[in-house]
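A short worksheet on the structure shown next.
Laboratory data are not the source of any read-out in this text; all were calculated from the coordinates shown. No experiment lies behind these values; they were computed from the predicted model shown. Please note: Cβ atoms are built from the backbone with ideal geometry, for glycine as well, and neighbour counts cover all protein chains shown.
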Amino acid sequence: MFNNYSNYYDFFYQDKEYQKETDYIVNLLKKYEILKGDILEFGSGTGKHGYLLGERGYNVHGIELSSDMVAKAKTHSKFTCQQGDIAKVRLDKSFDAVISLFHVISYQTSNNQIKSVFENAANHLSTGGLFIFDIWYSPAVHYQRPSVRVKRFKNDELSIVRVAEPDYYPNENLVDVNYNFFVKNLYDNSTTQFKETHSMRHFSIPEIDILAEIYGFQRVDAQEFLTKKSPSENTWGVCITLKKK
């Protein structure tokens with residue numbers, strides 16, 4: 001996964017509102033009195049959130065599975081990152097918060113994976129520290145049902161068509177998103193095609209609460225990402241805030 005995708009990741013998300021999302025996370029941190037401090041980011045991608053959080057005064061260290069994305073990340077004195085598995089990495093340090101954005105938690109599709117990630121977050125947090133992450137929300141996935149989607153991207157160099165065809169497994173809380181990419185180089189009109197499947201798990205709030213209790217957390221917030229609305233069957237992305245007891 002992400003072997004080819006990582007080459008175009010920033011291109012696909014060039015219009016993503018990273019600054020707005022960073023402001024949202026900072027407001028959550030401040031709401032629970034983490035005004036400054038050390039943050040561990042699970043699934044830091046190409047470092048956009050971590051870099052901006054660093055500019056806001058937090059010390060951020062990212063863990064990213066894709067070495068290609070780590071190589072593309074822009075770092076500075078308050079944002080560093082390394083290649084690693086968020087379920088396994090062990091750092092000899094405690095953090096004030098662990099964050100995991102852009103549905104990284106939903107990429108943990110097996111029970112063992114998700115349990116390991118929750119345990120690892122708890123092991124890296126100080127008492128009272130926060131675990132903030134967003135998930136695909138089960139009520140919305142069941143209500144709306146994943147559908148075929150086509151998205152087009154273009155700049156002066158490339159034209160890309162991305163077709164997403166989902167396979168829906170309701171009894172397993174899983175969706176396989178089968179991507180088919182058609183990439184055209186606008187300089188020489190050469191074309192490339194590649195496919196990737198991204199398996200995504202969705203979660204209910206009671207399921208998250210059980211995991212929280214097992215690993216020593218208390219859920220203190222659950223809201224629609226960015227809007228802060230209460231989750232509903234129309235809320236695909238829910239942001240969860242857990243506090244370590």
Quiz item: For segment 14-162, what is the Kirkwood estimate of the hydrodynamic radius, computed as the reciprocal of the mean inverse distance between distinct Cα atoms, to one decimal in Å?
Solution: 16.5 Å
Self-check item: DSSP beta bridges in the chain [antiparallel fraction, %, rounded to 5]
Solution: 70 percent
Practice problem: Can you figure out the FRET efficiency of TYR168 with ILE205, using R₀ = 25 Å and their beta-carbon distance, to the nearest 0.05? | Solution: 0.75
Practice problem: Could you check which residue among ASN171, ASN234, ASN185 shows the biggest mean-square fluctuation in a GNM of the chain with a 10 Å Cα cutoff? | Solution: ASN171
Quiz item: Sorted by mean Cβ packing within 10 Å, highest first, what order do the peptides 126-132, 140-146 take?
Solution: 126-132, 140-146
Quiz item: Under unit Cβ charges (Lys, Arg +1; Asp, Glu -1), what dipole magnitude, rounded to 20 debye, does segment 45-90 have relative to its Cα centre?
Solution: 120 debye
Quiz item: Using alpha carbons only, how many degrees (0 to 90, rounded to 10) separate the axis of helix 18-31 from the longest principal axis of the chain?
Solution: 10 degrees
Quiz item: Once amide H atoms are placed 1.01 Å from N in the peptide plane, what residues at a sequence separation of 5 or more from SER204, or on another chain, have their amide H within under 5 Å of its amide H?
Solution: SER138
Exercise. Using just the helices of the chain, give the 222 nm mean residue ellipticity in deg cm²/dmol: DSSP H runs with n ≥ 4 each add -39,500 (n - 2.57), and the total is spread over all residues, rounded to 500.
Key: -7500 deg cm²/dmol
Quiz item: Along the charge dipole of the chain, which of LEU65, THR22, VAL177 sits closest to the positive end, that is, farthest toward it, with unit charges on the beta carbon of Lys, Arg, Asp and Glu (+1, +1, -1, -1)?
Solution: THR22
Practice problem: Highest first, please rank the peptides 11-17, 200-206 by the mean number of other Cβ atoms sitting within 10 Å of their residues. | Solution: 200-206, 11-17
Practice problem: Label segment 58-106 by shape, choosing from rounded, prolate and oblate, from the square roots a ≥ b ≥ c of the eigenvalues of the Cα gyration tensor; if a/c is under 1.5 it is rounded, and otherwise prolate applies when a/b is larger than b/c, oblate when it is not. | Solution: rounded
Quiz item: Given 0.36 nm per residue, what is the gain on full extension from ASP68 to GLN193 after removing their alpha carbon distance, in nm?
Solution: 43.1 nm
Practice problem: With the convex hull built on the Cα atoms of segment 1-42, state its orientation-averaged projected area in nm². | Solution: 4.1 nm²
Quiz prompt | Cα-Cα pairs of segment 91-148 separated by more than 15 Å (percent) | solution = 59 percent
Quiz item: When the Cα atoms of segment 125-238 are enclosed in a convex hull and the volume is divided per residue, what value in Å³ results?
Solution: 151 Å³
Quiz item: Roughly how many debye, to the nearest 20, is the charge dipole of segment 128-172 about its Cα centre, given +1 on each Lys and Arg Cβ, -1 on each Asp and Glu Cβ, and no other charges?
Solution: 220 debye
Quiz item: Which distance in nm do the two modelled labels at GLN14 and GLN82 give, with both placed 7 Å along the Cα-to-Cβ direction?
Solution: 3.4 nm
Quiz prompt | Dipole magnitude of segment 68-222 about its Cα centre (Cβ charges: Lys, Arg +1; Asp, Glu -1), debye to nearest 20 | solution = 420 debye
Quiz item: Once the dipole of segment 109-245 is set up with Lys and Arg at +1 and Asp and Glu at -1 on Cβ about the Cα centre, which of THR197, PHE118, SER232 lies farthest towards its positive end?
Solution: SER232
Exercise. Rank by packing, highest mean first: peptides 90-100, 53-63, with packing defined as the count of other Cβ atoms within 10 Å averaged across residues.
Key: 53-63, 90-100
Self-check item: FRET efficiency, 1/(1 + (r/R0)^6) with R0 25 Å, evaluated for ASN234 and ASN4 via beta carbons
Solution: 0.15
